[in-house]
Every structure is written in structure tokens, then in C-alpha cells.
Amino acid sequence: MEWVEAGKVDGFPPGGARVEAAGHRLAVFRIGGDFYAIGDRCSHAEASLSEGELFGYDVECPRHGSEFDVRTGRPASLPATRPVPVYQVKVEAGRLMVLLEPVEEE
Ligand code: FES
């Protein structure tokens, strides 16, 4: 298990941001005062979820429109049927840290 820095908290605007961390491509979302991190690649085809529009806790894939819950990684609408990985995050001394081991869903 490895915590890596994804960036300074102040550097994240509300909404999504793409982050490269130790070879992982992540989509980080700032919603209110909270942060969420999921895999940036859509599980359906090649698209960057950090570029999608947010509706509450759902991000809409910019390519074909599947919505993924940023808290669980699960798709709420077709055409995607598989979840994307979800990563634990924490804020430490003004920096957003991401645990580079996806949370296992039951
Ligand atoms: S690439 Fe995301 S829904 Fe198709």
C-alpha cells in the first residue's frame, strides 16, 4: 500500500481533474469540501472521465454518456457495465494523498 501525493488541495478547482501519480491515471473530483478519486479511463472504451460533466456524485463519460458514481466507481447507465477502480484519499498538510491500491468492492 502506497500513499502518493496527487497535488496541493488548493490547486483542485470544483469538478474533475486528471492526475498522473506513480504511473496511475486518476480522475480526482472535488465536490463541496470532499475529494474522490477513481480510475480516469472509462471501463467501456478509451475516454477520460476527468473530462466528464458532474451531476451530483455522478460523472458522465464524455464519449458515450455512461454515468459513474465517483464514490463507488459503479456505472449507473449504459453502455458501460463494469465499474472503474476507486481509490482512498486523504488530506495531509494541504496536500491530497491517494492510496494507490483500489478499494475492493464486495
Ligand atoms: S467510452 Fe465511456 S461510455 Fe463509452
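Farthest toward the positive end of the dipole of the chain, out of V86, A45, Y57, is the Cα of A45, where the dipole comes from beta carbon charges about the Cα centre.
Other residues whose C-beta falls under 13 angstrom from the C-beta of L96 contribute a net charge of 0, scoring Lys and Arg +1 and Asp and Glu -1. According to the Cα-based calculation, Rg over Rh for the range 27-73 is 0.92, with Rh computed by the Kirkwood formula. Spacing of the modelled spin labels on T81 and D10, each 7 Å from Cα toward Cβ, amounts to 4.8 nm. Length available on full extension from K90 to E53: 0.36 nm per residue minus the Cα-Cα distance, which gives 11.0 nm.
Computed over the range 3-99, relative contact order equals 27 percent, with contacts defined as Cα pairs under 8 Å that lie 6+ residues apart. Phi-derived couplings, Karplus 6.51 cos²θ - 1.76 cosθ + 1.60 at θ = phi - 60°, listed residue by residue for the range 65-74: x, 4, 9, 10, 6, 5, 7, 10, x, 7 Hz, with x used for Gly and Pro. Can you work out D for the range 31-106 in µm² s⁻¹ from Stokes-Einstein, where Rh is the Kirkwood radius over C-alpha pairs, the temperature is 37 °C and the viscosity is 0.692 mPa s? For these conditions, the coefficient is 259 µm²/s.
A simple rule links phi to the HN-Hα coupling: the Karplus curve 6.51 cos²θ - 1.76 cosθ + 1.60 with θ = phi - 60°, which for the range 11-27 gives x, 9, x, x, x, x, 9, 8, 10, 9, 9, 6, x, 9, 9, 10, 10 Hz, with x for Gly and Pro.
Note on E20 and D34: their simple-model spin labels are 3.0 nm apart, each label 7 Å out from Cα toward Cβ.
Values in this text are rule-based calculations from the coordinates and carry no lab data. Note that the structure is a prediction, hence the values are computed from the model and not measured. As a convention, Cβ positions derive from the backbone with ideal geometry for all residues, glycine included, and neighbour counts pool all protein chains shown.
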